[in-house]
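K.L.:
I have a structure I would like to understand better, so I am pasting it below and will then ask my questions one at a time.
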Amino acid sequence: MFIYHRRTYHLVQLLLDSVALWLAWECAIRVRVLLNVVMPAHLSIQGATSWAPPLWLILILWALVSIRFKLYRGPDEIRFWNCAIWTIESALLVTVITVFVTFFSRQLGESVSRTFFSIMLLLTFVMLGLGRLVGLALAAAAQKRWLPPVRIALLGDLRNAGRLVARLGSQPARFLIRGLIVPEGRTISELHHSVPILGTTGQLAELINREQIDRVIVLNASLPDHELEACNEVLKRMGLAVSCAMDMGVDPVRMDISTQYGVPCVELIVPRFTRSQELVKRIVDIVFASLALLFFAPVMLAIAIVIKLTSKGPVLHKAMRVGKGGRHFMFLKLRSMYVTGDHSQLLTVNEKTGHIFKLRHDPRVTPVGRFLRRYSLDELPQLINVVAGEMSLVGPRPLPAHDLDPDGMSRQFYAWAEGRSRVHPGLTGLWQTSGRSDLSFEDMMRLDLEYISGWSLSLDFSIILETPLLVLKGAGAY
């Protein structure tokens, strides 16, 4: 679903979330009182309210932290995964703040029911999820009933409009492209395109009134300076919303507006994680990887026994891989090949291009190894690499050191290698959720750069949630 008035939507959603948290709070206290029959410590509504930390303080802290981490600056298009991940993040955040405030205001002790916090977590998740659904339903109803489509006119030369027209055409019906306003001196017979030609820049004011235009998109560097200045005067006088389209001819990157030497500039920002983003990502890696190691320890022990009984050689396969900054690290896997396997003898039959070596029917892989690879069970020891800080849960997959240049970079694909060097390699990533080994090397490069330029905690959680189902399907793994 697309949101067209994001500030209004986020303000309404913030109010709904506050109501949801209040309901979760009240329900958590009453549920805890109802559980008196099975709890050693009995509480009344008044007693529970007396030791519970002040709700107003929790709401204030929650709102401040949410604003600090920009939880209410979501994308224009809101999907199911966005809502689910946001709800999980907010529910965990509220619970952590509740424990923190309780500790410093009441101090956790026998008089405080620890069961309350688990009840609060569950009810907060439910209430915030319902609040998000209500907010989206209200936004959809408001946009359908009261908001007319945004009527857009393109201003400039048609040769620069092709890609923009295609992108706008793929948007939902809330955008209505009325047509193109071309520079003076052009005739309709010169232009062959499905978008109607409304007129020329000299008729701009007349066309705005006639077509009831809401927004004008000025195409990048497609008007002479004197015409652009005249059009700006008209648009300023009529109070029309104006956008300037930038067609850089490259994949989208993060952009920012700044003033340099008194001149407003659009900056193409090199994707780099801030220190706070790296800290949050590292905490998530340590917590989830440690829990996963404890959970999968019996599975890895059973696999190790099977590997030892079915083929000669060590249980673990160790190899040098390229990590952050191009630095080499020792990469761990459960062995899936015979120890006599020789990579160099098979280079001529490689089924991939670039810096990837893959064979669908690799003769070096053991029967047990084929099963392990199909369901990515051989990758489990990499959780140790994650805990050690050499890898992350989500990121570009680490490549063998011998497949890249000695400095961990690639002179043949420098931009791709330089982008990968900014982040830790991952246990899973966009490769795994987009086709795994069935992808071409070009697709893998594109997905790497797409992940790096568009990174967010929500993207990481969505990849983590999608990975188990795709692994169970076993598609694209060999």
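K.L.:
How about the range 182-215: which of its residues are part of a helix (DSSP H, G or I) and at pLDDT below 80? Write out each step before concluding.
P.N.:
Our first condition is that a residue be part of a helix (DSSP H, G or I); within the range 182-215, this holds for 188-190, 201-211.
Those that are part of a helix (DSSP H, G or I) and at pLDDT below 80: Ile188, Ser189, Glu190.
K.L.:
Then there is this: Please specify each residue of the range 324-335 satisfying the condition of being surrounded by fewer than 19 Cβ atoms within 10 Å (Cβ to Cβ) and of a type outside the set (D, E, K, R).
P.N.:
Within the range 324-335, Gly325, Gly326, His328, Met330 qualify.
K.L.:
List the number of the failed condition for Ser434; all other conditions in (1) of a type in the set (Gly, Ala, Ser); (2) within 19 Å of Leu465 (Cβ to Cβ); (3) at pLDDT 85 or above hold.
P.N.:
All conditions pass for Ser434, except number (3).
K.L.:
Okay, next question. Check the range 113-135 and report whether any residue there is farther than 30 Å from Val101 by Cα, among the hydrophobic types (A, V, I, L, M, F, W, C), in a helix (DSSP H, G or I) and at pLDDT below 80.
P.N.:
Of the residues in the range 113-135, the ones farther than 30 Å from Val101 by Cα are none.
No: zero hits.
K.L.:
Does at least one position in the range 266-276 carry a residue that is modelled with pLDDT under 80 and over 22 Å from the mean Cα position of the chain (by Cα)? Full working, then the answer.
P.N.:
Just the residues of the range 266-276 that are modelled with pLDDT under 80, to begin with: 266-276.
Pick out the ones that are also over 22 Å from the mean Cα position of the chain (by Cα) and you get 266.
Yes: the range 266-276 contains one or more residues that are modelled with pLDDT under 80 and over 22 Å from the mean Cα position of the chain (by Cα).
K.L.:
Search the range 286-323 for residues being at pLDDT 90 or above and either of a type in the set (D, E, K, R) or not assigned by TED's automatic domain parsing to the domain that holds Pro398 (or both), and hand back the single one that is surrounded by the most Cβ atoms within 10 Å (Cβ to Cβ).
P.N.:
Once the filter is applied, the top-ranked residue is Arg321.
The values are calculated or read from the model by the stated rules, or taken from the named source; none is laboratory data. Values in this document were obtained by computation on a predicted structure and should not be read as measured data. Note that we place each Cβ from the backbone using ideal geometry, even for glycine, and neighbour counts take in every protein chain shown.
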